[in-house]
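What follows is a short report on a single structure.
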Amino acid sequence: MRFCRFNKDRYGVVIGAKVHDVTDVVAEVLAGAKPRRWGDPMIANLAKIRKAVGDASKFKSKPLASVTLLSPVANPSKLIAAPTNYHAHVAEMRARSPNAGPGKGIKESGLFLKANSAMVGPGEGVHIRFLDRLTEHELEFMIVIGKEGSQIPEDKALDYVAGYCLSLDMTVRGSEERSFRKSIDSYAVMGPWMATKDEIKNPNDVPFKLFCNGKLRHNAHTNDLIFNCQKLIALASEFYTLHPGDVIFTGAPAGVGPVKPGDVLTAECAAIGPMEVKCYAYKNPKG
Ligand code: MN
């Protein structure tokens, strides 16, 4: 099933080119659910919600093209991200500064966190700050955690997954800490919806592409991940307790490139769905 959030915090199931509105069912299940300190209640109760929804096609629908897609998870306890997790991306970054020596690989760097306040859905767009600096897109396959876990072994890792989506780890390049440069408001795009894990038998066998204004940038495949999905979940859970709704950006493939206001980023991934994200210049609401 493909679960989305859309418009003003509504929940939907995407079937073909339509969004079936299941907000009332989600609300009903969550009204009877145990409150949690950490984690996203909708993801924590996903199995109950799926059962209560049943055949989603019976709910009233809107054309997908008419809704504003939000991030499929409303309240992750954290946004976890993998740096340098594709050899070809490591090589392209090294080629930019050949005198800098070899960069640290994921084995040495570990993972990093992005601020939750950076999270948006594809319909909200990326609002670029620091127009005098280089801002780039990193389209990444994303894991959504489905249940609480710590010290998760690799061979059990997929038991902890709720589903998968696509993500843009938007990045302003520079010397500051990763978490600082990658946590600007709107620099964590998640979408277009979450495909539940039964839809993707092997997350390490998923091709995906990104086009910027119609020009190919990333042409990627998750079988090129240095640390695959299971390894990333195991590593993250060695350091952090994972909660339902936590997400893992699995790392940028080769093909990162600059973005500017007016650009349109289009992701293609048959296993999940297409995603379109527009780029704008950030406008300070205080003027
Ligand atoms: Mn990244």
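Are any of the residues in the stretch 81-101 at pLDDT 95 or above, out of contact with any Pro (no Cβ under 6 Å at 6 or more places or on another chain), under 18 Å from Met194 (Cα atoms) and outside any helix (DSSP H, G or I)?
Yes.
Out of curiosity, is Leu210 in the same structural domain as Thr266 (by TED's automatic domain parsing) and within 25 Å of Arg5 (Cβ to Cβ)?
Yes: the conditions hold for Leu210.
Those residues that are under 27 Å from Ala267 (Cβ atoms) and either open to solvent by less than 10 Å² (accessible area, probe 1.4 Å) or part of a loop (DSSP other than H, G, I, E, B) (or both), I need them from the stretch 148-160; list them, please.
Ala157
Residues checked against (1) at pLDDT 95 or above; (2) surrounded by fewer than 21 Cβ atoms within 10 Å (Cβ to Cβ); (3) within 18 Å of the chain's Cα centre (by Cα):
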| position | (1), (2), (3) |
| --- | --- |
| Val14 | yes, no, yes |
| Lys18 | yes, yes, no |
| Leu30 | yes, yes, no |
| Arg36 | no, yes, no |
| Ile43 | yes, no, yes |
| Gly54 | yes, yes, no |
| Thr68 | yes, yes, yes |
| Ser71 | yes, no, yes |
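Free of Cβ contacts under 8 Å to residues at least 60 places away in the same chain and in contact with a Pro (Cβ under 7 Å, 6 or more places away or on another chain): which single residue out of Ser61, Ser109 fits that description? Full working, then the answer.
Working: Ser61 fails: in contact with a Pro (Cβ under 7 Å, 6 or more places away or on another chain).
Unique residue meeting the criteria: Ser109.
Inside the stretch 37-53, can you point out the residues that are in contact (Cβ under 8 Å) with a residue 24 or more places away in the chain and closer than 27 Å to Leu79 by Cβ?
Trp38, Gly39, Asp40, Pro41, Met42, Ile43, Ala44, Leu46, Ile49, Arg50, Val53
Taking the stretch 1-39 only, how many residues are at positive phi and acidic (Asp, Glu)?
Final tally of qualifying residues: 1.
Mind counting the residues in the stretch 77-99 that are under 24 Å from the mean Cα position of the chain (by Cα) and either free of Cβ contacts under 8 Å to residues at least 24 places away in the same chain or within 16 Å of the ligand (Cβ to nearest atom) (or both)?
Here is the first cut: in the stretch 77-99, the residues under 24 Å from the mean Cα position of the chain (by Cα) are 77-93.
Checking which are either free of Cβ contacts under 8 Å to residues at least 24 places away in the same chain or within 16 Å of the ligand (Cβ to nearest atom) (or both) leaves us with 78-93.
Matching residues across the stretch 77-99 total 16.
With respect to Ile143, determine if the residue is within 16 Å of the ligand (Cβ to nearest atom), within 17 Å of Ser77 (Cα to Cα), surrounded by 22 or more Cβ atoms within 10 Å (Cβ to Cβ) and not small (Gly, Ala, Ser).
Yes: the conditions hold for Ile143.
Please find, among Asp263, Asp246, the residue that is open to solvent by less than 40 Å² (accessible area, probe 1.4 Å), under 16 Å from the mean Cα position of the chain (by Cα) and of a type in the set (D, E, K, R).
Asp246
State yes or no: is Ser183 in contact (Cβ under 8 Å) with a residue 12 or more places away in the chain, more than 16 Å from the ligand (Cβ to nearest atom) and assigned by TED's automatic domain parsing to the domain that holds Pro253?
no
Which pairs turn up if I take residues in the stretch 118-145 that are polar (S, T, N, Q) and look for partners that are more than 16 Å from the ligand (Cβ to nearest atom) with beta carbon separation below 9 Å, at least 6 apart in sequence or on another chain?
Within 9 Å, the pairs are Thr135/Ile128; Thr135/Arg129; Thr135/Lys260; Thr135/Cys279.
Which one of the conditions (1) more than 16 Å from the ligand (Cβ to nearest atom); (2) small (Gly, Ala, Ser); (3) open to solvent by 10 Å² or more (accessible area, probe 1.4 Å) does Gly174 fail to meet, given that it meets all the rest?
All conditions are met except number (1).
Test Thr196 against the stated conditions and say whether it is touching a Phe, Trp or Tyr at 6+ places or on another chain (Cβ under 6 Å), modelled with pLDDT of 95 or more and among the polar types (S, T, N, Q).
Numbers: touching a Phe, Trp or Tyr at 6+ places or on another chain (Cβ under 6 Å): no; modelled with pLDDT of 95 or more: yes; among the polar types (S, T, N, Q): yes.
No: the conditions fail for Thr196.
The values are calculated or read from the model by the stated rules, or taken from the named source; none is laboratory data. These numbers come from a predicted model, not from an experiment. We place every Cβ from the backbone using ideal geometry, glycine too, and count neighbours over all the protein chains shown. Surface areas here come from the heavy atoms of the whole protein model, side chains and all, with no ligands, DNA or RNA. Shrake-Rupley method; radii C 1.70, N 1.55, O 1.52, S 1.80 Å.
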